[in-house]
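S.K.: Below you will find the structure I want to go over with you.
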Amino acid sequence: MNLTVTTTSGIFEGTTSRDTRRWTGIPYAHPPVGADRFQAPRPFEATAHTDPLPATRFSNPVPQFNPMGDGPKRTDDPNWLTVNVWAPLEPVENAPVMVWIHGGAYVEGSAANPLYMGAVFAQMGVVFVSVNYRLGIEGFMEFPDAPSNRGLLDQAQALRWVRENAQAFGGDPANVTAFGESAGAGSVHCLLVMPEAQGLCDRAVLQSPPAMVLEKELALDVTAEFAAHATQLGLPVTEPTAQSFANLTPEQGEELMVAFSQGQGRYFPRWGKAAAFTPPLVPVVDGTVLPADPWSLPLPDGVDVLVGHTRDEFRLFTNLMNGEVTKERAYERVGMVGPGSQLLEDAQGTGDLEAAQSQARELSMKYVKALGDVTPEQLFEWVQTDYMFTVPTLLVADAAQKRGTPAHSYLLAVAPDGGMGSPHVADLPPLFDSFRSFHGKLLYPNPTEADHALGQRMREAWVQFARTGDPGWEPWTREQPTTRVFGYEDRTCAHPFMDRFTAFDHAPSRALPLLGSNERAS
């Protein structure tokens, strides 16, 4: 059993964990501080050390949005851009490589989260890699004097590092699967269409990719508002530039994100749906790193795709909301994010608002009719589930069909004992066998043998897909939307949400624009 590996980043000594070999905290890029702050990642260069360096501890988490003050603890060590690797105890010939990109709305999270440790995949003959990347202000704030989408560039550099070093861990560098959940899945979607990331993965798994991308004009307005708010707080920011924001310490940046997100609804007239992202620091259509709206760009040929979501995605968030969901509140939310909302956004300032309102009402009623007999609570939850997750998920499947190599589709539909059904993140505790993690205990308070068996079946499908490009069922097309529904008794059928999905045909996912004027919000 060899625990010493030679990589382009240096020689590292790992350890064993859960019957696997493990290396943690290996740098793939130089620390993004000093002159490298707000710049594209610079590949890490090995020093002249001849003795192996220990790779037995997770690295410092990146600066991030932490409203509760209970996020991952950070030290002064700026080595944030690191990977963690799990490999089988004994090398497996041509082991597929699976690279995990964590979620967290692009503003929080860490590859060290106990929710997704890679041992269970390594036990199945996979070389598993998880990635830290820049978040929030550091990774996604748009500046006129710095590269855009630095968090995505970090991920691309990590994939490049994997191509170069997979063999050292027993992995096949010609068989790399990028996969992620939520913002991690949205990142994978962006990577698939980014020029900078072409050829860096062979397969992709997107778990609940969200509708969270901004047009550049809106992103720059967000930066301007952040700068104005920082000035009001007495922080050393004088203008909306990378040079000025470099005066903030990472800790001040974290505090600014929390302070800014409070009362963010005041920006709804200008930012529309983006005002609901707290804070809205997400991928940006800058014309270079992300050349266009990712849903409008073709998926690359030769990359197999597995994409899906959970049945009750938005329930995780609605359960945290206050106040009764009345019929009026539910229909208001349909107007805000439902199939007619895009017509209203596009009509602002054109003089055709009355006609747009009439057509939007017609589309909204068509959508509500497709849902059937629902309570206000269900309508409130489902329209947000569909806007935020169902539509962007199945549009990825649509894009795969258009290029001629359809994607494989799945849906998670379970009702754990003591849980809340199948909300956002409900796929991860079974998939990673992480029922003891925070989210595992929240969503699966009383995990059963059936929950563990569900996770085993999901992992088997994911690993089979990573090996062959085929998870075990027919691919999805609009005409035959075949989907594997993972539950306590799996079934393969037409996707249950097709009527809800097609109701959004006139309002597909897109990068969100700036609405109205650029006057400062009061």
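S.K.: Go through 115-127, 214-226 and give me the packing order, highest mean Cβ count within 10 Å leading. Present the calculation step by step, with values, prior to reporting the outcome.
M.R.: Working: 115-127: 23.3, 214-226: 21.5.
Per-residue mean Cβ counts within 10 Å order the peptides as 115-127, 214-226.
S.K.: Compute the orientation-averaged projected area for the chain from the convex hull of its Cα atoms and round it to one decimal in nm². It would help to have the intermediate numbers written out before the result.
M.R.: Values: hull surface 93.3 nm².
Taking the Cα atoms of the chain, their convex hull projects to 23.3 nm² on average.
S.K.: At a Cα cut-off below 25 Å, give the lysines reachable from residue 216, other chains included and same-chain residues fewer than 8 away excluded.
M.R.: 273
S.K.: Further, regarding this structure: Determine which aspartates and glutamates satisfy two conditions relative to residue 402: a Cα distance under 18 Å, and not lying fewer than 8 residues away in the same chain.
M.R.: Partners found: 293, 301, 304, 474, 479, 505.
S.K.: Return the sequence-ordered ³J(HN,Hα) values of region 4-17 in whole Hz as given by the Karplus equation 6.51 cos²θ - 1.76 cosθ + 1.60 applied to θ = phi - 60°, using x for Gly and Pro.
M.R.: 9, 10, 9, 10, 5, 8, x, 9, 10, 10, x, 8, 10, 7
S.K.: In addition: For the chain, what's the relative contact order in percent, using C-alpha pairs closer than 8 Å and at least 6 residues apart? Walk me through the intermediate numbers first.
M.R.: Working: 1123 pairs, mean separation 77.3, N = 522.
Here the relative contact order equals 15 percent.
S.K.: Shifting gears a bit: Any chance you could check the Cα centroid distance between region 202-220 and region 95-126 for me, in angstrom?
M.R.: Between the Cα centres of region 202-220 and region 95-126 lies a distance of 19 Å.
S.K.: Return one quarter of the surface area of the convex hull spanned by the alpha-carbon atoms of region 416-522, equal to its mean projected area, in nm². Walk me through the intermediate numbers first.
M.R.: Numbers: hull surface 44.9 nm².
Here the figure is 11.2 nm², rounded to one decimal.
S.K.: What is region 80-189 by shape, rounded, prolate or oblate, if you read a ≥ b ≥ c off the alpha carbon gyration tensor as root eigenvalues and call it rounded for a/c under 1.5, prolate for a/b larger than b/c, and oblate otherwise?
M.R.: Values: a/c = 2.64, a/b = 1.84, b/c = 1.44.
It is prolate, given that a/c is not under 1.5 and a/b is the larger ratio.
S.K.: Could you give the length gained by full extension between residue 457 and residue 332, i.e. 0.36 nm per residue of separation minus their alpha carbon distance, to one decimal place?
M.R.: Values: separation 125, 0.36 × 125 = 45.00 nm, distance 3.99 nm.
Separation in residues times 0.36 nm, less the Cα-Cα distance, equals 41.0 nm.
S.K.: Okay, next question. Take the alpha carbon atoms of region 395-473, find their center, do the same for region 1-24, and report the distance between the two centers in whole angstrom.
M.R.: Spelled out, the Cα-based centre of one part sits 28 Å from the other.
S.K.: Subtracting the Cα-Cα distance from 0.36 nm times the residue separation, let me have the gained length for residue 241 to residue 35 in nm, one decimal. Intermediate results must be reported in sequence, preceding the final value.
M.R.: Values: separation 206, 0.36 × 206 = 74.16 nm, distance 1.47 nm.
Taking residue 241 through residue 35 to full extension adds about 72.7 nm, to one decimal.
S.K.: Now a separate question. Mind checking which aspartates and glutamates have their C-alpha under 19 Å from residue 327, skipping anything on the same chain fewer than 8 residues away?
M.R.: 362, 373, 377, 381, 386
S.K.: I would also like to ask the following. Once both labels are modelled 7 Å past Cα along the beta-carbon direction, what's the residue 353-residue 473 spacing in nm?
M.R.: Each label point is offset 7 Å from its Cα along the Cβ direction, giving 4.6 nm.
S.K.: How much of the accessible area of the chain, probe 1.4 Å, is carbon plus sulfur, in whole percent? Kindly include the intermediate steps, with their values, before the conclusion.
M.R.: On the way: 10230 of 20310 Å².
Percent of accessible area from carbon and sulfur atoms in the chain: 50.
S.K.: Hey, can you find the accessible area per residue of region 54-158 for me, probe 1.4 Å, expressed in square angstrom?
M.R.: Numbers: 3140 Å² over 105 residues.
On a per-residue basis, 30 Å².
S.K.: Using a 10 Å cut-off on Cβ atoms, rank the peptides 24-30, 151-157 from the highest mean neighbour count down. Let's see the in-between values first.
M.R.: Details: 24-30: 22.9, 151-157: 25.7.
Going by the mean number of other Cβ atoms within 10 Å, highest first, we get 151-157, 24-30.
S.K.: Let me have the 222 nm mean residue ellipticity of the chain computed from DSSP H runs of 4+ only, each contributing -39500 (n - 2.57), with the sum over all residues rounded to the nearest 500. Intermediate values should be presented prior to the final figure.
M.R.: On the way: 18 runs with 173 residues, N = 522.
Value at 222 nm, helices only, nearest 500: -9500 deg cm²/dmol.
S.K.: OK, next. To check you understand DSSP bridge types, tell me what percent of the beta bridges within the chain (both residues inside) are antiparallel, rounded to 5. Intermediate values should be presented prior to the final figure.
M.R.: Values: 23 of 59 bridges.
Antiparallel: roughly 40 percent of the beta bridges in the chain.
S.K.: Taking 37 °C and 0.692 mPa s as the conditions, I'd like the Stokes-Einstein D for region 189-321 in µm²/s, using the Kirkwood hydrodynamic radius from alpha carbon pairs.
M.R.: On the way: Rh = 17.2 Å.
Estimated via Stokes-Einstein, D reaches 191 µm²/s.
S.K.: Each residue of region 109-123 in turn: what ³J(HN,Hα) in whole Hz from Karplus with 6.51, -1.76, 1.60 and θ = phi - 60°, glycine and Pro shown as x?
M.R.: Going residue by residue, I get x, 7, 5, 8, 4, x, 5, 9, 8, x, 4, 5, 7, 4, 5 Hz, with x marking Gly and Pro.
S.K.: In whole Hz and in residue order, list the ³J(HN,Hα) couplings for region 201-213 that follow from phi through the Karplus curve 6.51 cos²θ - 1.76 cosθ + 1.60, θ = phi - 60°; x for Gly and Pro.
M.R.: 9, 9, 9, 8, 10, 10, 10, 6, x, x, 8, 9, 9
The values are calculated or read from the model by the stated rules, or taken from the named source; none is laboratory data. Just so we're clear, the structure is a prediction, and the values are computed from it rather than from any experiment. Quick reminder, even Gly has a Cβ in these numbers, built from the backbone with ideal geometry, and neighbours come from all protein chains shown. Protein only, heavy atoms only, side chains kept; ligands, DNA and RNA dropped before computing areas. Shrake-Rupley method; radii C 1.70, N 1.55, O 1.52, S 1.80 Å.
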